[in-house]
Amino acid sequence: MPLESCMILLDNSEYMRNGDYIPTRLEAQQDAANLLVGAKTQSHPESTVGVSAGTDLLVSPTDDVGKILGALHGLPFKSERPDVAASVQVASLALKHRRNKNGGQRIVLFVGSPLGDVEPRVLSKAGRQLKKNNVAIDIVVMGELEENEEKLQELVEAANGRSDDGNRTCHLITIPAGVLPSDVLASSPIVHGPGGGGAAAAGGGAFADSGDGGGDGGMGAFAEFGGVDPNMDPELAMALRVSMEEERARQERVAAASSESSGVEEERKDADMPDAETTPDEVVAAGGNSEGMDLGLSEEDALLQQALAMSMNENDPTEQKSDSTENSGEESSAVTDGDDDAAMQMALQMSMQTEKDDQSSGQQFQDPQFVNQLLGSLPGVDPNDPQIQNALRNVTKEDEENSKEDHKDSKK
């Protein structure tokens, strides 16, 4: 954290005797103030802290931690409620007259009394005055939350500005009843600076009702030690660090074991699934082989034999494919040869049949009775016509002469 001068405004009214915070509001406030004093003084060697109760200035901004703690624990009760606007103005004047003019200015205001008579307009005016003087304000609300939160939000919004890194400079932290304020502030932007804690919303949002500090995201620089400042309690911080390392190692072992088990399951699934090249017949054959195993074998032996059968089936498809291709080639060649022979035989039979048909037809036309019947069946033709009879006689003579010539040639 950068160099900063801080004023802590305490509430010491009679309302701080209430026991809704352990042990009382006043003592819980003192515990939280102790935490702030240690955090502010240790953040930078030249940072200073002052203490005031209401309009009473107890300690001007100083780096003397003993003097500051003495003022915190010697705080008496007062019957009247503090005037927030006047108290903020007194703290602003104390910061204006600080010894070291370098660094920022901040006011941490604790409110545990009801603000029923205070008007929001007055608080807004005080906030604008703080913003004009470059003074940031953080407000811690303890008790009377429903009545005070809206009014104090007006003060925070009026004084809010932007730091160099773009974060808001003012914050409003509400502490639920039963929660230690020091536990909430340990992980809040009030201790870790603007942007250092995730407990408050932008513009001064209220702390969560659970009071857990926003988880690991709000631990800031002390996340390695479980959110505990090792300078404040080194033994607790070291114990938390060791426990966090052990938990991290356990989670890594669990993750590694789960990844190994998932890998083994995937391998088993891949082994159980048949190969894409394996045909259904081969799968059935493998199933038949597994069913034909000896019933007296144990389950492990049966699974082993089934795996061996599947591996053999995975290696056989190529050989089976080559054998099937050779057999199919031989069968196709035999089929083609048989087809050629059958085709030749059919061609010979057809040629012989055509010759027989020609001879039979020629013999039929040489028969005069057949020709007379054929001519008589034709409409408009008279088979007794002299011209037709002469033509038939000429045809028969020519056929007889041709047959005689063929007979002579055959003898020669």
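Computed quantities for the displayed model
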{"read-out": "Yes/no for Gly103 being more than 20 Å from Ala33 (Cβ to Cβ), open to solvent by 30 Å² or more (accessible area, probe 1.4 Å) and touching a residue at least 40 places away in the same chain (Cβ under 8 Å)", "value": "yes"}
{"read-out": "Options Pro61, Pro2; residue that is within 20 Å of Asp138 (Cβ to Cβ), under 46 Å from the mean Cα position of the chain (by Cα) and not aromatic (Phe, Trp, Tyr)", "value": "Pro2"}
{"read-out": "Pairs, first open to solvent by less than 100 Å² (accessible area, probe 1.4 Å) in the stretch 123-136, second among the charged types (D, E, K, R), C-beta under 6 Å, six or more apart", "value": "Leu123/Lys151; Leu123/Glu154; Ser124/Glu154; Ala136/Arg106"}
{"read-out": "Among (1) assigned to a strand (DSSP E or B); (2) in contact with a Gly (Cβ under 7 Å, 6 or more places away or on another chain), the one test that Val108 misses", "value": "(2)"}
{"read-out": "Single residue of the stretch 155-179 satisfying the filter (in contact with a Lys or Arg (Cβ under 8 Å, 6 or more places away or on another chain) and modelled with pLDDT of 85 or more) that is farthest from Gly127 (Cα to Cα)", "value": "Asn160"}
{"read-out": "Test: residue in the stretch 150-158 that is more than 23 Å from Ser13 (Cβ to Cβ), open to solvent by 30 Å² or more (accessible area, probe 1.4 Å) and assigned to a helix (DSSP H, G or I)", "value": "yes"}
{"read-out": "Every residue from the stretch 243-257 that is free of Cβ contacts under 8 Å to residues at least 12 places away in the same chain and open to solvent by less than 60 Å² (accessible area, probe 1.4 Å)", "value": "Ala249, Ala255, Ala256, Ala257"}
{"read-out": "Residue that is surrounded by 13 or more Cβ atoms within 10 Å (Cβ to Cβ) and either over 29 Å from the mean Cα position of the chain (by Cα) or modelled with pLDDT of 65 or more (or both), where the choices are Ala206, Ala200", "value": "Ala206"}
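The values are calculated or read from the model by the stated rules, or taken from the named source; none is laboratory data. The structure presented is a predicted model; accordingly, all values stated were derived computationally and were not measured. Methodologically, a virtual Cβ is constructed for each residue, glycine included, from the backbone with ideal geometry; neighbour enumeration extends over all protein chains shown. All accessible areas refer to the heavy atoms of the entire protein, side chains included, with ligands and DNA or RNA removed. Shrake-Rupley method; radii C 1.70, N 1.55, O 1.52, S 1.80 Å.
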